[in-house]
Each structure stands twice: as C-alpha cells, then as structure tokens.
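Read the structure below first, then the notes.
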Amino acid sequence: MSRIGRMPIAIPAGVTVEVAENNKVTVKGPKGTLERVLPAELTIQVEGDVVKVSRPNDLKRMKSLHGLTRTLINNMIIGVSNGYEKVLEINGVGYRAQKQGKTLVLSLGYSHPVEMEDPEGIEVVCDGQNKLIVKGIDKEKVGQYAAEIRSKREPEPYKGKGIKYADEVIRRKVGKAGKK
C-alpha cells in the first residue's frame, strides 16, 4: 500500500469536505472554498472528521494516483484553514519592489519596470522594498506565481543578485582570476 495514500486526513473544525459525482471534491473553510476534480477510479470517503482515499487495484497507475490524490485533498484542507505563503527576497543594488493596487512593480535593473498583475485568489504583500510575500489558499497557484516572479530575474551565482526564495541557498562561484 501507498504509505501516504492510506493515511487518513483529519478535517479540522470549521472545514467541510464534500465529494460529488466523478470525484469532484469541494473543501470549504474560513479562508475560502476550493474545488478539484480528482481521478474517478479512486474511492474518496468522508467518515465523520476524517477523509479516506482507497484504490481499486494495485496497477502502477493506481498506486501513483493514490498518494497524489490524498496529498491534493490534504493541501486543499490546509489551504482553506491556514493558507499558504511563499517569501521572496530581492538582492541587488537598485533592485526593489512596490505594490500599486493589484499590480506589482519590480525594478530589476532593466531599462523598464516589470509590472505583474496579481492573479485571482493570490495576494502579494511587500515587506519593505526587497521582501515579497505571496499568499493564497491554493498551494499550486501560490507556488506558480512565486516562480513567475522569481523568473523575472533569477539569482546569479557570482554576486547573488536577483530574486530568490527566502529559504533558497545560492551556490556561489569564484570570479575570474586577476593577472600577475
């Protein structure tokens, strides 16, 4: 059995989980509502305050989907109860970020400012000029938008300039050697 897939998911207080036909799972909580259609072959049961995911057979595809489905439901429950956030840091002289309404304006050493519109359900908070916090209830969307912001100027290995995740470690390289 899948070690992750067979673990029951506890439903915290204030969160409701509903399973409709074709395994359409709806999770409602204090922070909002998330919906997702999960693979129809798997059985999702809500028993009291736990959710259990079971698979019909031991085919390789079913084994793969078992753990994935359980994790997706768990991420939805955590999202509507606590939410997700990713912290980005901007390093470099003159590199800065600021919010103008729902638009994020980044100065990253290009000839023009980079403007990014916040997607639906995602909020970006500027903590000072060089720290960004991407918040939301959908783990996938939060991670995707944080990756898009980071891709505007990825950290380089010589001086470490660019946008990096707060917990990311940049492998530094030694610059070119001078003449003797």
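The values are calculated or read from the model by the stated rules, or taken from the named source; none is laboratory data. The structure displayed is predicted, hence computed values, not measured ones. Here the Cβ is made from the backbone with ideal geometry for all residues, glycine too, and neighbour counts use every protein chain on show. All accessible areas refer to the heavy atoms of the entire protein, side chains included, with ligands and DNA or RNA removed. Shrake-Rupley method; radii C 1.70, N 1.55, O 1.52, S 1.80 Å.
Candidates Lys141, Lys102: the one that is in contact with an Asp or Glu (Cβ under 8 Å, 6 or more places away or on another chain) and of a type in the set (Lys, Arg) is Lys102.
Per this entry, Asn22 is counted among residues that are more than 21 Å from the chain's Cα centre (by Cα) and part of a helix (DSSP H, G or I). When every residue of segment 158-180 is checked against the conditions, at least one turns out to be under 23 Å from the mean Cα position of the chain (by Cα), in a strand (DSSP E or B) and under 30 Å from Val27 (Cα atoms). Among the conditions (1) open to solvent by less than 50 Å² (accessible area, probe 1.4 Å); (2) closer than 30 Å to Lys24 by Cβ, the only one that Lys86 does not satisfy is (1). Looking across segment 49-80, the residues that are in a loop (DSSP other than H, G, I, E, B) and either in contact (Cβ under 8 Å) with a residue 12 or more places away in the chain or of a type in the set (A, V, I, L, M) (or both) come down to Asp49, Arg55, Pro56, Leu59. Scanning segment 95-145 for residues that are open to solvent by less than 40 Å² (accessible area, probe 1.4 Å), part of a loop (DSSP other than H, G, I, E, B) and not charged (D, E, K, R) yields Tyr95, Leu108, Ile137. Taking only pairs six or more apart or across chains, which ones have beta-carbon atoms under 6 Å, a first residue in segment 130-158 that is more than 18 Å from Arg96 (Cβ to Cβ), and a second residue that is in a helix (DSSP H, G or I) and open to solvent by 30 Å² or more (accessible area, probe 1.4 Å)? From residues that are more than 18 Å from Arg96 (Cβ to Cβ), the pairs are Lys139/Asn75. Residue count for segment 43-64 under the criterion of being more than 15 Å from Val17 (Cβ to Cβ) and open to solvent by less than 20 Å² (accessible area, probe 1.4 Å): the result is 1.
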